[in-house]
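Presented below is the structure to which this report refers.
The values are calculated or read from the model by the stated rules, or taken from the named source; none is laboratory data. Remember, it's a predicted structure, so these values are computed and weren't measured experimentally. Backbone-built Cβ (ideal geometry, glycine too); neighbour counts: all protein chains shown. Remember, those area values only see protein heavy atoms, side chains included, never the ligands or the DNA or RNA. Shrake-Rupley method; radii C 1.70, N 1.55, O 1.52, S 1.80 Å.
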Amino acid sequence: MTQDRRDQALFRAASAPATVNTATHDIGLLVLRLVVGLSMVGHGTMKLFGWFGGPGLDATGKGFTMAGYPAGDAMAVIAGLSETLGGLGLALGLLTPLAGAALTGIFINVLDLRGLSAYFPPKGVELEVLLFAGVVALTLTGPGRFAADHYLPVLRESRPRYAWFALLLGVVAGFIVLLIRD
């Protein structure tokens with residue numbers, strides 16, 4: 001084999017897309033979904049029900065009002081439901097793009113409220129950025145085979161158009177909510 005042919009063969013092998021359909025890949029996505037999704041469920045139920053030492057709806061509503069959101073009580077319900085249902089969807093791998101959209105809108109507002117002046121604790125946004133990155137990663141990659149979406153024909157495969165549309169929807173919704181804030 002000549003050097004040119006060896007180079008061409010090597011180049012073809014190196015540039016061929018690797019398909020990753022292994023159980024290990026799907027278990028990795030499952031672990032990420034469970035950790036990120038259940039973390040968001042916890043945050044949402046803290047707002048809605050005061051679970052895990054959370055403030056509950058009344059205090060959360062007052063916090064939204066103090067942060068400049070109109071109808072703080074309604075915003076508390078919307079945020080709590082978005083976090084809880086988006087987190088459950090992510091954890092179960094159920095309607096993953098929609099769950100990603102809901103959580104993306106939440107994180108845009110969270111990061112705006114917290115500010116980006118510091119990354120590390122105690123006043124930083126490290127946790128929020130890590131959770132948001134997990135949401136974006138799962139929205140883009142899909143939930144894997146060990147997910148409810150695997151049993152829905154439309155969502156069985158991760159379809160890039162759904163992922164990008166969901167992220168765009170979450171970004172637009174998040175910025176609309178920011179625009180109505182005082």
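Observations, loosely collected:
- Candidates in the range 148-160 are the residues that are aliphatic (A, V, I, L, M) and part of a helix (DSSP H, G or I); of these, the one that is modelled with the highest pLDDT is Ala148.
- Close pairs from the range 20-41: first at pLDDT 95 or above, partner part of a helix (DSSP H, G or I) and of a type in the set (Asp, Glu), Cβ under 9 Å, at least 6 apart: Met40/Glu83; Val41/Glu83
- In the range 125-147, the residues that are assigned to a helix (DSSP H, G or I) and surrounded by 15 or more Cβ atoms within 10 Å (Cβ to Cβ): Glu128, Val129, Leu131, Phe132, Gly134, Val135, Val136, Leu138, Thr139, Leu140, Thr141
- Test: Ala173 is of a type in the set (Gly, Ala, Ser) and closer than 21 Å to Asn109 by Cβ: yes
- Residue-level check: of (1) surrounded by 13 or more Cβ atoms within 10 Å (Cβ to Cβ); (2) modelled with pLDDT of 95 or more; (3) under 16 Å from the mean Cα position of the chain (by Cα), Val77 misses just (3).
- Checked against the criterion of being in a helix (DSSP H, G or I), under 21 Å from Pro97 (Cβ atoms), out of contact with any Leu (no Cβ under 8 Å at 6 or more places or on another chain) and of a type in the set (Val, Ile, Thr), the range 161-171 has at least one qualifying residue.
- Of everything listed in (1) open to solvent by 40 Å² or more (accessible area, probe 1.4 Å); (2) modelled with pLDDT under 95, the single unmet condition for Leu92 is (2).
- Whether a residue is open to solvent by 70 Å² or more (accessible area, probe 1.4 Å), closer than 19 Å to Gly42 by Cβ and free of Cβ contacts under 8 Å to residues at least 60 places away in the same chain was assessed, and Leu116 does not pass this test.
- One residue alone among Ala102, Ala71, Ala59 is hydrophobic (A, V, I, L, M, F, W, C) and open to solvent by less than 40 Å² (accessible area, probe 1.4 Å), and that residue is Ala102.
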